[in-house]
Structures are given as C-alpha cells and as structure tokens.
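A short worksheet on the structure shown next.
No value in this document is a laboratory result; all are computed from the given coordinates. The shown structure was predicted, so the numbers you read here are calculated from the model rather than taken from an experiment.
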Amino acid sequence: MQQLFWRFFLVFWATLLIAIVMVRLTFIGVGDTQLQRPTVAPPLHAQLNLLGPPPSMRNPAHRPKPTFWRWPLLHLMLLLTASLVFSWLLARYIALPIRQLKQALADLASNSWQTQLAPSLTLRRDEFGSLSRNFNQMAAKAAEAIASQRRLLHDVSHELRSPLARMQILTGLAQQPNTAAPLLLQKIEQEVIKLDALVAQILTFSQLDNGSFQAEHIDINLTELVVSVCEDAQLEANDSSKLLALQLTPVAEVKGDPSLLYSAIENVIRNAIKYTPVNTSVSVHLQQYGRQVMLTVSDQGAGIAAQHLPKLFTPFFRAQSTHTGIGLGLSIAKRAVEACNGNIIAGNIMQDGAIKGFNVVISLPIDSSKVQLN
C-alpha cells in the first residue's frame, strides 16, 4: 500500500510542479514579448521632455529594493511547499481507506468473520464511505451465514442422533427373548419415518435455495389442497389436545406447483399446532380479495418477540429453542410460496397492547402467468 501512496503523491506533486513552471514560463514569455515590441514615436508632449528622469532614477542601483513579501523566490518557495503539503495530504486521503480495506479483507480471508470497518471510514460521504458500509454489510451477512451453517450442523446432528439412539435401543430390546417384537418394530418404523421427513425437509430447502427445483405451472384448486393438509394435521392436533378450525369460502383457482404449496401450507399449519397451547384452537381461513387468494393461519400462542420478527424466515432460525426442529419450516414455506409468485407475511396478533397469538398470511395471485424460483 505504500507504493500506491507514493504513486499518488508523486503524480499529484509533479502535476502541480508542471503547472507552476508553465505559469512562470508564461509570464517570462510575456515580459520578453513586451521587450521585443517595435518602438512607436512618442507623442509631442512626451518628446518635449527630452531630459527624461533624473540619473538617480535611471540607475538600477539607486532604485528602492522590493519588500520581503514581494520577492519572486519567496513566492516560488511558497508554491513548492504548498504543492508538497497538499499532494501529501491528498495521497494520504486516498491511500489510507484503501489500506484499511485491504487489512479488513485480509482478516476475512483468515476466517475472522466479525471484521467491521471503523466509523471513521463508514461515516465518510464519498465513495470510500459507501464502499465501507457495503463491506460491513457483506461481512455481517457472511458471519450470519457461517453461524447458520454451524447451527445447521449442530441441529441436524442432534435431530439425527436422537431417533438413531432410540432405534438402537429398540433394536436391542427386540433381540431379547420374551419381548413384544411387533410393538418395538412399530416404534422403530416411526423413528424411520421421522428421519425420512427430516432428510426430505433439508433436501427440499436445498433445492429451493439453489434454484434446482423445477416448479410446475398448473391450475390448483386451493380449497381441496387446504382441506387435504388439514385432514393430515387434524390427527396431530387431536394427539396434543388442540383444535383445528377450518373456515372456507369459495375461491378461484391459482396457478403454481401443488407439491410446493402443499409443503408451504403444511409447514405453516404444523408450526401453529406446535406453538398453540393445549386446549386452544388453530384457525385456518381461506378467502378471496379481488385477484388475490389469501390463506390465514392463526394460533393462540405466546407469539414472537419483536426483535425476532425480522428473522422468522431466516434458515435455521428458531425463536424458541425449547421446541424441536431445525428452523426450516417457515424458510421452506417462504421460498415455496414465492416460487408460485405469491407472498407470505407473519406477525403477532395484538390486542390491547398485548400479544394474543400469532398468524401467518399466504397470498397467491389468481392471474399468475408464470412460476419463478427466487
């Protein structure tokens, strides 16, 4: 970085020196030109003054010396000093932020993902300030992505370890004599189903996230799809002493991918059943507003803290660590709905300043002309 500093410095200083020399030569040339002008006969009143100025004035030795501040050499030295100082300051002004950016990039390369540039650089109102702010945002997102990957490895390992450990215990019990082998095999099958669902969830998110999923574009009867999801979710709700209330109104068909929409709606409804308290209900309301079909899923749980709301659709984020799961349900739902040109929002249900529940709203256009993966 010192080489760049001195390059800027020498270029700017050389430019100023050339400008000073050119100005100086210009004035000297003008003086010489004036000396070489042809003489013109003086007017009559000037010709009468034949004696001219007194000898004391014609002799340069008798002329008064100019003051110190009017010496040409002093002016030249001041110009040279000013050019030197301003060139150094300008080169430092440009090279210093580049040096800081270089160090920050080197820190990122050494896996120091918490690197952030100082406010003295990010508060600048020039291109370097904008670049520094963008760098801090990039570094923060990279740090969040690395943390998500680490959290994914931890959560997936935990989620896989638990059913595998239970299967190992059940297998050992099944090998013992005088045991209820059919019941143990049934429990082993349940654990296998959980493992298969977990792996399928991770694969679905991966395909949606990298755009490798080939979405269909067909007409979908959303009413039938919601009813099918609720029939499967009703069993889970009954097992946990919760109620699933379905409210349907006639709606038009939408275009999209049935498997994606099924996965999105299933994740939202299952999350609502998971977080609503015992002996409470989850409301599923399907209705049409103009050219939009809206599905609203509401529960009566404790809601989400305000600081966690912007991260709800972030992969592997879990607002409540006491519940099982790896935090992919809402992330999959968001990508699946957006793949069908729809939108999904979530927020707390507020009443008299208190949280009374949580709801998720999925809206899909009726006249969608194409399906895109984001």
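How about LYS356: which lysines have a C-alpha closer than 25 Å to its C-alpha, ignoring those fewer than 8 places off in the same chain?
LYS242, LYS274, LYS311, LYS334
Which values of log₁₀ I(q)/I(0), to two decimal places, follow from the Debye formula for region 226-272 at q = 0.15, 0.20 Å⁻¹ with a uniform point scatterer at every Cα?
Those come out to -0.43, -0.72, one per q.
Compute the separation of the alpha-carbon centres of region 99-126 and region 172-210 and state it in Å as a whole number.
First find each Cα centre; the distance between them is then 47 Å.
Cα convex hull of region 125-167: mean projected area in nm², to one decimal?
Working: hull surface 10.3 nm².
For region 125-167, the mean projected area of the Cα convex hull comes to 2.6 nm².
Averaging over every viewing direction, what projected area does the convex hull of the Cα atoms of region 90-142 cover, in nm²?
Values: hull surface 13.4 nm².
That works out to 3.4 nm², a quarter of the Cα hull's surface.
Let me check the size of region 164-226 from its C-alpha atoms; what are the radius of gyration and Dmax in Å?
In order Rg, Dmax, the Cα atoms of region 164-226 give 18.9, 56 Å.
Beyond 22 Å, what share of the Cα-Cα pairs of region 242-358 is found? Please give it as a whole percent. Intermediate results must be reported in sequence, preceding the final value.
Working: 2325 of 6786 pairs.
More than 22 Å apart: 34 percent of the Cα pairs in region 242-358.
How much of the calculated P(r) for region 74-189 lies past 25 Å, in percent of all Cα pairs? Walk me through the numbers on the way to the answer.
Numbers: 3964 of 6670 pairs.
Considering region 74-189, 59 percent of its Cα-Cα pairs are separated by more than 25 Å.
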